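Some notes on the structure that comes next.
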Amino acid sequence: MGKMHYKRKLVIILTIIGIALGLYVYSAFSQKLTKSTDLSDESIGGFKVLDNISSPEFIREYGEPIDQDNNNAYDYYYWKGGLKTASINTDEDKGKIMRLIISSTDDAQFENSLQTSKGIKLGSKKADVLSKYGDHYYKSYEQGADIIGYIDHKRNITLEFWCVPGGRVAEIRLDDADVI
């Protein structure tokens with residue numbers, strides 16, 4: 001009985017790992033297979049991927065960071081107005097923005113004045129995203145969110161809208177496509 005129980009557990013664990021790996025591979029390939037969308041004019045809070053948090057323009061707009069989280073690859077900064085950035089933390093590229101994020105807090109789910117270049121902001125409807133950005137998108141699911149993503153293959157940039165149940169945008173990410 002013990003050996004049979006062990007085998008059953010092993011099969012279940014391997015199945016779960018296989019499904020998770022399959023979803024990860026599907027997500028990565030669906031991004032590569034998605035037709036390109038021109039995101040050359042896309043910005044959040046007036047700034048684009050590859051701008052620098054040390055530039056006079058960025059400092060004038062956002063001042064000093066409110067808080068900071070770091071990992072091996074990027075420094076994550078929280079700025080006034082609800083903007084979060086991930087920037088390179090080493091060498092001559094230090095401060096170069098690789099990710100811009102607009103997200104809500106639990107206290108104020110959709111309160112944030114920042115928006116994309118086409119006017120999508122927190123609380124916008126999923127249908128509005130599709131209407132303004134078009135049909136060339138990839139889909140993903142993470143942390144309970146239904147993610148709609150657009151990729152500009154020429155510029156290596158992605159724009160993702162994380163939608164909560166009910167179809168409202170709860171987070172927006174403008175990324176260098178290589179950010180993990």
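Ignoring ligands, DNA and RNA, what percent of the 1.4 Å accessible area of the range 74-177 is carbon and sulfur? Whole-percent figure for carbon plus sulfur exposure: 43.
Take each peptide in 172-180, 59-67, 158-166, count the other Cβ atoms within 10 Å of every residue, and average; sorted highest first, the result is 158-166, 172-180, 59-67. Taking Cβ atoms as reference points and 15 Å as the exclusive limit, the residues near Thr90 contribute a net charge of -2, counting Lys and Arg as +1 and Asp and Glu as -1.
Using bins of 10 Å that start at zero, the share of Cα-Cα pairs per bin across the range 133-180 amounts to 27, 56, 16, 1, in whole %. First select every other residue whose beta carbon is under 15 angstrom from the beta carbon of Asp38; then total the charges, Lys and Arg +1, Asp and Glu -1. Charge balance near Asp38 sits at +2. For Lys125, a cut-off of 17 angstrom between C-alpha atoms picks up these aspartates and glutamates, skipping any fewer than 8 places away in its own chain: Glu111, Asp135, Asp146, Glu160, Glu171. Couplings 3J(HN,Hα) of the range 95-103, computed from phi: x, 5, 6, 10, 8, 10, 10, 10, 9 Hz, in residue order, whole Hz [Karplus 6.51 cos²θ - 1.76 cosθ + 1.60, θ = phi - 60°; x for Gly and Pro].
Is there a pair in Lys48/Lys84; Lys48/Lys94; Lys35/Lys139 whose C-alpha atoms are over 18 Å apart, and which pairs would that be?
Pairs exceeding the cut-off: none.
Here the contact order of the range 67-180, divided by its residue count and restricted to Cα pairs under 8 Å and six or more residues apart, works out to 20 percent.
Around Phe47, with a cut-off of 9 angstrom between Cβ atoms, what is the net charge of the other residues, counting Lys and Arg +1 and Asp and Glu -1?
Numbers: positive: Lys48; negative: Asp51, Glu57, Glu61.
For residues surrounding Phe47, the net value is -2.
The values are calculated or read from the model by the stated rules, or taken from the named source; none is laboratory data. The shown structure was predicted, so the numbers you read here are calculated from the model rather than taken from an experiment. As a convention, Cβ positions derive from the backbone with ideal geometry for all residues, glycine included, and neighbour counts pool all protein chains shown. Areas reflect the complete protein model, heavy atoms only, side chains present, ligands, DNA and RNA absent. Shrake-Rupley method; radii C 1.70, N 1.55, O 1.52, S 1.80 Å.
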